[in-house]
Amino acid sequence: MLANKGVNQGVAPVTYGEGNRPPRGDYAHARGDYTCDQNWSAYSPQEHDLYRRLYERQASQLVGLACDEFIEAVEHLGAAQRIPRFDELSEKLHRATRWEVVAVPGLIPEEAFFALLAKRKFPVTGWIRQPEEFDYVVEPDVFHDLFGHVPLLFNPVFADYMQAYGAGGLKASRLDACELLARLYWYTVEFGLIATPQGLRAYGAGILSSAGELRYSVHSPQPSRVGFDLQRIMRTRYKIDSYQTTYFVIDSFRQLFDATAPDFTPIYRAVRAQPEIDAGVVLTNERLIAAACTPG
């Protein structure tokens, strides 16, 4: 996860790092690329049980709210009774899409994050939240990263999108466009929705790992749900201290991947020539998607 963002369980992420307490994790033992050893044997029985309870709560909500690709892939994480071993998970993931998961101490700088994605390495935070943070954790922990992000890396198209995003991020850092690309990540990888034949479903990790936002994002009449538009997304600010007021809806993962194929240099230029858009604002004549009907 990027160093200036956190993810929580109950509401959307908040800004982290300026004047707040230092990030968790042992950065002293991190390598030059910010990866480190998972140290799986150091997890306590209580931490494994906390992971189990988080996993079971979220898994029980997936049907009818998460996309089928995620529901099918989440089983690759293995038994819910314990925090997965990253090496074992990486073996399965590499066979499927040539990705692997690597441990990091916590939040890492943008360029380090982009570089790992470009190499098909997904950084997963090694530590797990405290029991009192069961419903709310500021920084992304091992549960958010594993449960929210890793399953869709077993999907070949989404896996390729993530690598393309990483490569694009390295270029964006040279073009002073990281903020624009961060909005794309936020509104797709973290808080994306997808239109399916069965109705609206979630695929973003920030939604899928949240106890409350999963149902809210799919069923609530309050937020705006806008058809995917790359420039519109890059112009749109996002909420960092509440549920999202705007979600963007893709038609397929192929649409998402194809959107990353062009050179973003002229796109950044076009976006900068237009005004930014506040979260929740609905523009004239844009394609809005209705909330999914509540079952029953």
Screening 261, 290, 270, 279 for residues that are assigned to a loop (DSSP other than H, G, I, E, B), in contact with a helix residue (DSSP H, G or I) (Cβ under 8 Å, 6 or more places away or on another chain) and not aromatic (Phe, Trp, Tyr) leaves only 261
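So for the range 80-88 (the condition being among the β-branched types (Val, Ile, Thr), crowded, with 16+ Cβ neighbours inside 10 Å and over 25 Å from residue 201 (Cβ atoms)), does at least one residue qualify?
Filtering the range 80-88 for residues among the β-branched types (Val, Ile, Thr) gives 83.
Those left that are additionally crowded, with 16+ Cβ neighbours inside 10 Å: 83.
From what's left, over 25 Å from residue 201 (Cβ atoms): 83.
Scanning the range 80-88 turns up at least one residue that is among the β-branched types (Val, Ile, Thr), crowded, with 16+ Cβ neighbours inside 10 Å and over 25 Å from residue 201 (Cβ atoms).
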Read through the list (1) within 28 Å of residue 254 (Cβ to Cβ); (2) of a type outside the set (A, V, I, L, M, F, W, C); (3) crowded, with 23+ Cβ neighbours inside 10 Å, then give the number of the only condition that residue 69 fails. (3)
Go through the range 1-49 and count every residue that is within 16 Å of residue 108 (Cα to Cα), surrounded by 12 or more Cβ atoms within 10 Å (Cβ to Cβ) and at pLDDT 75 or above. 11
For the range 255-272, which positions are β-branched (Val, Ile, Thr) and touching a residue at least 40 places away in the same chain (Cβ under 8 Å)? 260, 265, 271
The range 213-254, residues that are over 16 Å from residue 66 (Cβ atoms), out of contact with any strand residue (DSSP E or B) (no Cβ under 9 Å at 6 or more places or on another chain) and either part of a helix (DSSP H, G or I) or free of Cβ contacts under 8 Å to residues at least 24 places away in the same chain (or both): 222, 230, 231, 234, 254
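Please go through the range 108-156 and give me each residue that is out of contact with any helix residue (DSSP H, G or I) (no Cβ under 9 Å at 6 or more places or on another chain) and either within 23 Å of residue 178 (Cα to Cα) or surrounded by 24 or more Cβ atoms within 10 Å (Cβ to Cβ) (or both), ordered by number. If you could, list the steps in order and put the result at the bottom.
Looking only at the range 108-156, we keep the residues that are out of contact with any helix residue (DSSP H, G or I) (no Cβ under 9 Å at 6 or more places or on another chain), and these are 109, 112, 132-133, 135-136, 138-139.
Within the range 108-156, 109, 112, 138, 139 meet the criteria.
Residues that are over 18 Å from the mean Cα position of the chain (by Cα), at least 1 per element: which helices (runs of 4 or more DSSP H) completely within the range 39-138 meet that? Write out each step before concluding.
On the way: elements: 45-59, 68-73, 86-97, 110-118.
So the answer is 45-59, 86-97.
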Would you please list the contacts, defined by Cβ atoms under 9 Å and residues six or more apart or on different chains, that run from a residue in the range 160-177 that is under 15 Å from residue 269 (Cα atoms) to a residue that is of a type in the set (Gly, Ala, Ser) and not in a helix (DSSP H, G or I)? 171/177
Pair list, Cβ < 9 Å and 6+ apart or interchain, from the range 38-49 residues that are closer than 15 Å to residue 141 by Cβ to residues that are assigned to a helix (DSSP H, G or I) and among the hydroxyl-bearing types (Ser, Thr, Tyr): 43/51
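Starting from residues that are farther than 23 Å from residue 279 by Cβ, among the hydrophobic types (A, V, I, L, M, F, W, C) and at pLDDT 90 or above, keep the ones in the range 235-262 and report whichever is surrounded by the most Cβ atoms within 10 Å (Cβ to Cβ).
If we filter the range 235-262 for residues that are farther than 23 Å from residue 279 by Cβ, which is where we start, we get 252-254, 257-258, 261-262.
The next check asks that each one be among the hydrophobic types (A, V, I, L, M, F, W, C); those that pass are 253, 257, 261.
Pick out the ones that are also at pLDDT 90 or above and you get 253, 257.
On the way: 253: 22, 257: 20.
Checking each candidate, the answer is 253.
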Among residues belonging to the range 174-209 that are more than 11 Å from the chain's Cα centre (by Cα) and assigned to a loop (DSSP other than H, G, I, E, B), point out the one that is surrounded by the fewest Cβ atoms within 10 Å (Cβ to Cβ). 197
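The values are calculated or read from the model by the stated rules, or taken from the named source; none is laboratory data. As the structure is a computational prediction, the values presented were derived from the model and not from experiment. Here Cβ is always computed from backbone atoms with ideal geometry, including for glycine, and neighbour counts include all displayed protein chains.
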